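Below is one structure; the comments refer to it alone.
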Amino acid sequence: MAERIPVFTHPDCVRHDPGAGHPETPARLQAVLARLAREPLVDLRQATPAGPEQLLTTHPEHHLQLLQAISQQGGGAVSLDTTASAASWAAVLAATGAVREALGHAMETGGHAFAAVRPPGHHALSNRAMGFCLVNNVIVAARAAQAGGRERILIVDWDVHHGNGTQALMEHDAGIRFVSMHQHPWYPGTGMAHERGVGNVFNVPRGAGAPRQLYVEDLWAAVHAATEGWPPDLVLISAGYDAMLGDPLGGFTLEAEDYAGLTLRLRERFPSVPLVALLEGGYNPSRLSEGVAATVGAMT
Ligand SMILES: [Zn+2]
């Protein structure tokens with residue numbers, strides 16, 4: 001019998017509100033949760049929010065205090081392109097709790113898990129919010145996994161944008177390898193193939209509008225290159241769905257079944273290794289919900 005896959009979330013992740021008309025809308029996560037609620041093999045779980053100290057592996061205290069203060073004042077701009085609302089600090093702590101519980105499930109049982117969270121994280125730098133991201137969820141997860149003894153962590157970032165924050169936070173750490181496929185040239189402008197960190201960064205910049213098979217096969221080739229002779233003991237997925245055809249913030253052409261295919265390939269290549277996927281972007285809520293459902297379905 002297929003295993004039920006836990007999806008960790010929290011209502012505070014829906015309450016974070018960057019403002020009317022903003023593409024990173026609460027409707028995104030609402031659509032995902034409504035879609036997953038119809039999946040018999042999905043076990044939706046409400047996480048316990050984290051304490052702020054659990055973010056100190058990744059961010060200095062002053063960054064966290066700034067986010068908290070802006071929320072307490074009722075919201076406002078955190079950086080040029082990123083806004084917090086009164087509910088955003090609570091959303092950050094709830095998302096961190098969901099990410100940590102998804103990771104905890106993987107570490108304790110060896111099973112796969114998904115964290116359905118907002119705000120997204122992969123653009124957040126150590127001391128700066130950007131690109132709708134307040135804290136870097138996938139690096140928080142990687143640091144917690146390292147504290148738990150994981151030594152070779154593969155991060156696969158299939159969001160249409162380069163995970164510049166993730167790269168900046170891991171590029172000196174040989175215990176983490178980062179594979180990112182993203183549209184280029186595009187926001188945030190980083191992610192060239194020659195950016196290699198300490199040999200642990202594998203960027204796959206590609207132009208818009210190519211056949212979907214090209215994106216899938218090029219991403220897969222980079223996963224191969226990153227893990228040849230370097231078997232990961234954990235795979236984290238920065239799971240953005242703005243690389244799907246028709247996304248308002250991207251020009252790639254992927255379909256929901258491509259995420260299922262990539263998830264299955266990761267399971268086949270790393271058979272006893274847990275996969276933990278964290279929601280990043282994806283700005284067509286209905287398409288996003290299909291992409292997430294395909295990913296979680298391929299984990300069962
Ligand atoms: Zn994105």
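The values are calculated or read from the model by the stated rules, or taken from the named source; none is laboratory data. In this text the structure is predicted, and so the values were computed from the model without any measurement. Here Cβ is always computed from backbone atoms with ideal geometry, including for glycine, and neighbour counts include all displayed protein chains. When the accessible area is computed, the model is the full protein with side chains, heavy atoms only, and any ligands, DNA or RNA have been set aside. Shrake-Rupley method; radii C 1.70, N 1.55, O 1.52, S 1.80 Å.
For region 95-151, the carbon plus sulfur part of the accessible surface works out to 43%, probe radius 1.4 Å.
In terms of its alpha-carbon gyration tensor, region 20-128 comes out oblate; a/c meets the 1.5 threshold, while b/c is at least as large as a/b. Taking a ≥ b ≥ c as the square roots of the eigenvalues of the alpha-carbon gyration tensor, region 169-272 is classed oblate because a/c is 1.5 or more while a/b is no larger than b/c.
What number comes out for the charge environment of D242, summing +1 per Lys or Arg and -1 per Asp or Glu over other residues with Cβ under 11 Å away? All intermediate terms of the calculation are to be shown ahead of the outcome.
On the way: positive: R28, R287; negative: E24, D159, D247, E280.
Local charge sum for D242: -2.
The stretch between R269 and L41 holds 79.8 nm of extra length on full extension. This uses 0.36 nm per residue minus the Cα-Cα distance. When all protein chains stay in place and ligands, DNA and RNA are ignored, the 1.4 Å accessible-area order of E108, E151, E195, E217, largest first, is E108, E151, E217, E195.
Once you have a ≥ b ≥ c as the square roots of the Cα gyration tensor eigenvalues for region 114-235, tell me rounded if a/c is under 1.5, and otherwise prolate or oblate according to whether a/b is larger than b/c. Please list the in-between numbers first.
Numbers: a/c = 1.62, a/b = 1.12, b/c = 1.44.
It is oblate, given that a/c is not under 1.5 and a/b is not larger than b/c.
In order along region 175-189, the Karplus-derived 3J(HN,Hα) couplings, from 6.51 cos²θ - 1.76 cosθ + 1.60 at θ = phi - 60°, round to x, 10, 10, 10, 10, 10, 10, 7, 6, 8, x, 5, 4, x, x Hz, and Gly and Pro are given as x.
Dipole size of the chain about its Cα centre, with +1 on Lys/Arg Cβ and -1 on Asp/Glu Cβ: approximately 180 debye, rounded to the nearest 20.
Determine the per residue accessible area of the chain with all protein chains present and a 1.4 angstrom probe, expressed in square angstrom. Let's see the in-between values first.
Values: 10890 Å² over 300 residues.
The answer is 36 Å² per residue.
From the helices alone, meaning DSSP H stretches of at least four residues, give me the mean residue ellipticity at 222 nm for the chain, per-run term -39500 (n - 2.57), in deg cm²/dmol to the nearest 500.
Values: 9 runs with 111 residues, N = 300.
That comes out to -11500 deg cm²/dmol.
For the chain, list the DSSP H helices whose alpha carbon atoms reach 30 Å or more along the long axis and whose average Kyte-Doolittle value is -1.0 or above? Passing helices, by number: 88-109. A simple count of charges around A298, restricted to other residues whose Cβ falls under 13 Å of its Cβ and scoring Lys, Arg +1 and Asp, Glu -1, yields -4. Rg of the Cα atoms in the chain, relative to 2.2 N^0.38 Å, amounts to 0.89.
Accessible area of region 167-277 with a 1.4 Å probe: how many percent of it is carbon plus sulfur? Carbon and sulfur atoms account for 59 percent of the accessible area of region 167-277.
Along region 232-237 the Karplus relation, 6.51 cos²θ - 1.76 cosθ + 1.60 evaluated at θ = phi - 60°, assigns HN-Hα couplings of x, 9, 7, 10, 9, 10 Hz to successive residues, with x for each Gly and Pro. With unit charges on the beta carbons (Lys and Arg positive, Asp and Glu negative) and the dipole taken about the Cα centre of region 177-262, which residue among I237, Q213, V198 sits farthest to the positive side? Checked the options; the winner is V198.
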